[in-house]
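The values are calculated or read from the model by the stated rules, or taken from the named source; none is laboratory data. Since the model is a prediction, treat every value here as computed from it, not as a measurement. A quick note on method: Cβ atoms are made from the backbone with ideal geometry, for glycine too, and the neighbour counts reach across all protein chains shown. For the accessible areas, the whole protein counts, side chains as well, though only heavy atoms, and no ligand, DNA or RNA atoms are used. Shrake-Rupley method; radii C 1.70, N 1.55, O 1.52, S 1.80 Å.
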Amino acid sequence: MTTSQLDISPVPPGVSINPKQRLFVINHGDGVTCMGFDHCFETATQLARALRVQGPSETKRGTIDCYQQYLSLVGQYGKSPVSKMTWYPDGTAPKVRSVLEAARASYTDYHAQGTVLRLFYGDPETGRDWAEQNDVIGFIGRSSGMMKVPLVLEPLLDEERNIVSSGFGGSIMTRCVFRSMLDTQFGFSWTAGTVGPGHPYRHSWTRSTCCS
């Protein structure tokens with residue numbers, strides 16, 4: 001769809017449209033966030049399917065109507081029993097979902113409980129590794145809020161040099177995970193050491209498993 005086809009409806013306070021970059025720009029007063037037209041439409045469509053209600057039509061992609069429907073669907077989803085499940089966007093490989101959910105189920109608190117994963121981001125179709133080094137090793141937790149997304153929680157060493165998890169972490173780009181390593185079954189091991197400022201550990205591994 002070209003920008004000339006966009007139906008510019010009355011804009012809610014604080015929300016503007018950037019047709020050139022295909023973004024909704026949301027002014028929160030003390031800062032600004034953006035949401036892509038495609039992300040808004042695809043998430044609203046998936047939410048509607050989960051709720052078994054009608055989603056936005058393709059002609060509404062990139063319009064304020066679509067954004068408003070997205071907000072309404074998020075609110076309905078948050079009140080629905082299905083919101084208790086982990087949110088995985090369409091395009092997440094079934095194997096990735098099962099591996100992450102198994103690791104998350106094994107995690108009970110921030111102490112040395114559960115499975116530690118090493119995630120690899122890349123192009124699942126070509127197998128090209130992005131060589132990402134940040135926020136790719138940890139326990140698997142889950143966010144709070146209406147749409148509970150999987151998080152990677154960094155392993156740390158406590159005063160007794162036991163492995164514990166950080167109390168917070170970044171969300172996982174589940175559609176871009178194409179390999180993972182487990183801490184024991186696939187030879188992923190932990191040793192005290194230093195890999196950088198504030199990181200009192202180093203890691204090594206011998207085998208990997210494909211998630212796609």
Between a residue in the range 44-59 that is closer than 12 Å to TYR70 by Cα and open to solvent by less than 50 Å² (accessible area, probe 1.4 Å) and any residue that is small (Gly, Ala, Ser) and in a helix (DSSP H, G or I), which pairs come within a Cβ distance under 9 Å, given they are 6 or more apart or on different chains? ALA44/SER72; GLY55/ALA44; GLY55/ALA48; PRO56/ALA44; PRO56/ALA48
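Pick from the range 122-151 the residues that are open to solvent by less than 10 Å² (accessible area, probe 1.4 Å) and free of Cβ contacts under 8 Å to residues at least 60 places away in the same chain: which of them is farthest from SER180 (Cα to Cα)?
At the first step, the residues of the range 122-151 found to be open to solvent by less than 10 Å² (accessible area, probe 1.4 Å) are 122, 136, 138-141, 150.
Subsequent filtering for residues that are free of Cβ contacts under 8 Å to residues at least 60 places away in the same chain retains 122, 136, 138-141.
On the way: GLY122: 11, VAL136: 9, GLY138: 11, PHE139: 12, ILE140: 12, GLY141: 16 Å.
Selected residue: GLY141.
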Residue by residue through the range 76-104, note down the ones that are loosely packed, with under 14 Cβ neighbours inside 10 Å, charged (D, E, K, R) and not in a loop (DSSP other than H, G, I, E, B). LYS79, LYS84
Residue count for the range 114-165, restricted to those that are of a type in the set (A, V, I, L, M, F, W, C), farther than 30 Å from LEU71 by Cα and part of a strand (DSSP E or B): 9
Matching residues in the range 60-75 - criterion: being surrounded by fewer than 19 Cβ atoms within 10 Å (Cβ to Cβ) and among the charged types (D, E, K, R): ASP65
Checking ASP90, ASP38 in turn, the sole residue that is acidic (Asp, Glu) and in contact (Cβ under 8 Å) with a residue 24 or more places away in the chain turns out to be ASP90
Among (1) closer than 24 Å to LEU23 by Cβ; (2) under 16 Å from the mean Cα position of the chain (by Cα); (3) assigned to a helix (DSSP H, G or I), the one test that GLN68 misses: (2)
